[in-house]
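Please read the structure below before turning to the comments.
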Amino acid sequence: MPDGGLPSVLDVKDLKTVFRTRRGEIHAVNNVSFHLEAGELLGVVGESGSGKSVTMMSLIGLLPMPPAEVRNGRVMFEGQDLLACNEDQLRAVRGARIGFVFQDPMTSLNPVFNVGFQIIEPLRKHMGLSKSKARARAVELLELVGIPDAARRLGDYPHQFSGGMRQRVMIAIALACDPKVLIADEPTTALDVTIQAQILELVKELRQKLGMAIVWITHDLGVIAGIADRVMVMYGGQVVEQGPVRELFANPKHPYTRMLLETVPSVTGERAERLQVIDGQPPMLAQSPDSCPFRARCPLAFERCEQENPKRVPVGPGHDAACFWDVDAGAPRDV
Amino acid sequence: MRGLRAMFDTSANKKLVEVDGLKMYFPIYTGLLRRHTGNVKAVDGVSFDIMEGETLGLVGESGCGKSTCGRAILRLYEPTAGSIKIDGEEIADVGFDKLRKMRPTMQMVFQEPQASLNPRMTVAAIIGEPLSEHSGKSRSDQLDRIYELMDAVGLNRDFANRYPHEFSGGQRQRIGIARALALNPKFIVCDEPIAALDVSIQAQVVNLLEDLQKQFGLTYLFISHDLSMVRHIADRVAVMYLGKVVELAPREDLYADPLHPYTKALLSAVPEPDPVAHDNANRTILQGDVPSPSNPPEGCNFCTRCPSVMDICRKIDPEFREVRPGRFVACHLLNDTKMPAEPTAAVEA
């Protein structure tokens, strides 16, 4: 639910996705709820297997079903429930009203078509532009994402671009139909830091120019700190904490968020003699979702964490966390 | 010569690894006749020393040659030119038999634990392979040693007969580390050992590497693109760009006061996990991409992207020299003071 005055463009409620495997069910996404306000950038942080990508793929029906199954939930986007849509309706949304940028630009671009074709395709399919108009728009888009000599480069193939340039092409494709929401799944993870800095700068610029809302998935807390307005921390298929970026980094309330922030060394500031660690291994998603996913690694875990799965409770303005322990009071929470 | 040098070397630490003018070129063959038409200059004249018990961090972006450098130092490649001494012994051009005898002193931990462990071998067989190849121990002695190593890296002994796929990424990396430790090496090249791991597991592995270093007196070359992790683990840091070391300095000096424009840009590009710092950050954003190592620019390799490029940079390749005690930089910007050319240790050979 939006708690600010701004209307939300995307509203996800109780999303639950499971994978059916021979060894039983994998609870990849477990009762995830979140909303996205117009024009905001929501950062989604989590380690591999935390469910951040699967959540976003579930929203727009990009998961192979079976083995995946979206068991529960509602995804409101522009007045329709995406989970109730059929394939044709979804196709009209995907790539048009909701754009995507994936992690590895080399594998998400088709190597046998030139980039011009790949940018023009959604323009012709979704917006019904004529060939020449689509071409002009494609040049415009490449210029927008900072690719020099755009008109000539339309004829180039993905392998002729560097990693950073390829990611710019991906962004151009995602922006082609002027989407309301852009979902970026680890878009800078495969890039070097200096190239990552260029892409982050580009995204900040584009947000100002175009004003779309962005969901930015990453495992890099540094990147999130730099670009997000609001952060959602995921662990074991669940949202464990959510809040405005400054508030969350200054006052993390979930033990996982706290420890995660402490394990990351920095290039400035104090250098710790020894790194803080989170003991143990990432969670097995095959386990039953009836207890807190973090309990095995949590230094504060107590009996209740074993018996119930905590729900998210408000812990500050626009800030909530799913934990039975109140870290400020140093005592269990009364909920 | 060595005696003289040792006399002047007043520091208590002994140089364990000495790399001088290391070059590693990969030939390019083109055309129907597969003619040799050029070289990929992956490592192009790199010199540094590593003291005993020290960790030297080697950082740089992908394709800068840092991994190639690490592999060439262990002679996993045949270096094109240069000298590599490990524990005083030249290894750049020794014969295969002699090299094999020296292998136990120098080991490697690889980036992808998944790809560097044979999926058909059990953990015990993986850790025991160097023992059966080099140590001549009996099977039961080998097994004792395998258990000892598993304890040292924090793996449960009961898992000795399991296969790599049954372990998580962090545990697999522990197997790789145990294998590297098996023959009591002095020097270990860690090639991006944490890059494939999750944030919360990275810290576990780094702490383990630090503990083992203390316990066994190991010397590391820690190759990584993660500048914040290198700041944590390394004593000194070398920054590579397009096949060359552009700056080499003690850790605190490098991070507090980087001298080379590339180091400055690289450090300012690292996103800090602190939203407040981002607002105040004064970033240098480098334009463009790294040039191809098969066709590096004339003059300084960084001249195509350098924010403070001068005319001289496009003509003359700056010398890698000691500009302050312990701080080596290859940049014309630091040469204008025209200090008298002192014969430094790095130039001597």
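The values are calculated or read from the model by the stated rules, or taken from the named source; none is laboratory data. Everything numeric in this text was worked out from a predicted model, so none of it was measured. Positions of Cβ are generated from backbone atoms using ideal geometry, with glycine treated the same way; all protein chains shown enter the neighbour counts.
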Single residue of segment B:305-322 satisfying the filter (surrounded by 19 or more Cβ atoms within 10 Å (Cβ to Cβ) and under 17 Å from residue A:195 (Cβ atoms)) that is farthest from the other protein chains (Cβ to nearest Cβ):
B:306
Taking segment B:314-326 and keeping residues touching a helix residue (DSSP H, G or I) at 6+ places or on another chain (Cβ under 6 Å) and closer than 18 Å to residue B:45 by Cα leaves B:318
Return the pairs, sorted by first residue and then second, in which the second residue is assigned to a strand (DSSP E or B) and among the aromatic types (Phe, Trp, Tyr), the first residue lies in segment B:179-203 and is closer than 20 Å to residue B:67 by Cα, the beta carbons are less than 8 Å apart, and the residues are 6+ apart or on different chains.
B:187/B:220; B:188/B:220; B:189/B:220; B:190/B:220; B:190/B:222; B:193/B:222
Given the options B:271, B:258, B:275, name the one that is at pLDDT 85 or above and more than 27 Å from residue B:54 (Cβ to Cβ).
B:271
Taking first residues from segment B:137-157 that are within 17 Å of residue A:279 (Cα to Cα) and second residues anywhere that are in a helix (DSSP H, G or I) and charged (D, E, K, R), the pairs with Cβ under 9 Å that are 6 or more apart or on different chains are B:151/B:157; B:152/B:211; B:153/B:174; B:154/B:174; B:155/B:174
Anything in segment B:165-179 that is of a type in the set (Gly, Ala, Ser), closer than 12 Å to residue B:112 by Cα and within 21 Å of the chain's Cα centre (by Cα)? List them, or say none.
B:170, B:176
Determine which member of the set B:201, B:188 is touching a Leu at 6+ places or on another chain (Cβ under 8 Å) and either away from chain A (no Cβ under 11 Å) or closer than 20 Å to residue B:123 by Cβ (or both).
B:188
Quick check, is residue B:247 assigned to a strand (DSSP E or B) and either touching a helix residue (DSSP H, G or I) at 6+ places or on another chain (Cβ under 7 Å) or within 12 Å of chain A (Cβ to nearest Cβ) (or both)?
yes
Regarding segment B:205-221, can at least one residue be identified that is acidic (Asp, Glu), within 11 Å of chain A (Cβ to nearest Cβ) and more than 18 Å from the chain's Cα centre (by Cα)?
yes
Residue list for segment A:234-258, filter: hydrophobic (A, V, I, L, M, F, W, C) and either part of a helix (DSSP H, G or I) or under 24 Å from residue A:274 (Cα atoms) (or both):
A:245, A:248, A:249, A:250
Mind listing just one residue for me: the one in segment B:256-288 that is in a loop (DSSP other than H, G, I, E, B) and touching a Ser or Thr at 6+ places or on another chain (Cβ under 6 Å) and, of those, farthest from the other protein chains (Cβ to nearest Cβ)?
B:284
Looking only at segment A:259-269, filter to residues that are outside any loop (DSSP other than H, G, I, E, B) and at the interface with chain B (Cβ under 7 Å from one of its Cβ atoms); which one of those is surrounded by the most Cβ atoms within 10 Å (Cβ to Cβ)?
A:260
From A:300, A:275, which residue is hydrophobic (A, V, I, L, M, F, W, C), farther than 21 Å from residue A:242 by Cβ and in contact with a helix residue (DSSP H, G or I) (Cβ under 9 Å, 6 or more places away or on another chain)?
A:275
Counting only residues that are among the aliphatic types (A, V, I, L, M), out of contact with any strand residue (DSSP E or B) (no Cβ under 6 Å at 6 or more places or on another chain) and in a helix (DSSP H, G or I), segment B:136-194 contains a total of 9
Within segment A:1-45, residues being part of a loop (DSSP other than H, G, I, E, B), at pLDDT below 85 and of a type in the set (Gly, Ala, Ser) number 2
Could you tell me whether segment B:270-280 includes any residue that is touching a helix residue (DSSP H, G or I) at 6+ places or on another chain (Cβ under 7 Å), more than 29 Å from residue A:262 (Cα to Cα) and surrounded by 15 or more Cβ atoms within 10 Å (Cβ to Cβ)?
no
Is one or more of the residues making up segment A:189-200 charged (D, E, K, R), within 11 Å of chain B (Cβ to nearest Cβ) and more than 15 Å from the chain's Cα centre (by Cα)?
yes
Residues to consider are B:59, B:123, B:40, B:109; find the one that is among the hydrophobic types (A, V, I, L, M, F, W, C), under 25 Å from residue B:198 (Cβ atoms) and touching a Phe, Trp or Tyr at 6+ places or on another chain (Cβ under 7 Å).
B:123
The condition of being modelled with pLDDT under 90 and not in a loop (DSSP other than H, G, I, E, B) holds, among A:183, A:171, A:214, only for A:171
Inspect segment B:119-133 for any residue being over 29 Å from residue B:87 (Cα atoms), surrounded by 18 or more Cβ atoms within 10 Å (Cβ to Cβ) and either at pLDDT below 90 or within 14 Å of chain A (Cβ to nearest Cβ) (or both) and give the result as yes or no.
no
Is it true that residue B:68 is within 24 Å of residue B:231 (Cα to Cα), within 11 Å of the chain's Cα centre (by Cα) and without any contact (Cβ under 8 Å) to a residue 60 or more places away in the chain?
yes
Any chance residue A:241 is closer than 30 Å to residue A:25 by Cα and either at pLDDT 85 or above or within 11 Å of chain B (Cβ to nearest Cβ) (or both):
yes
Counting just the residues of segment B:42-84 that are among the charged types (D, E, K, R) and either within 14 Å of chain A (Cβ to nearest Cβ) or within 28 Å of residue B:211 (Cβ to Cβ) (or both), which one comes out surrounded by the fewest Cβ atoms within 10 Å (Cβ to Cβ)?
B:52
Among the residues of segment A:246-258, write down those that are buried (at least 21 other Cβ atoms within 10 Å of the Cβ) and facing chain B (nearest Cβ under 9 Å).
A:248, A:249, A:256
Please work out which residue is farthest from residue A:180 (Cα to Cα), limiting yourself to segment A:113-146 and to residues that are loosely packed, with under 15 Cβ neighbours inside 10 Å and touching a residue at least 12 places away in the same chain (Cβ under 8 Å).
A:113
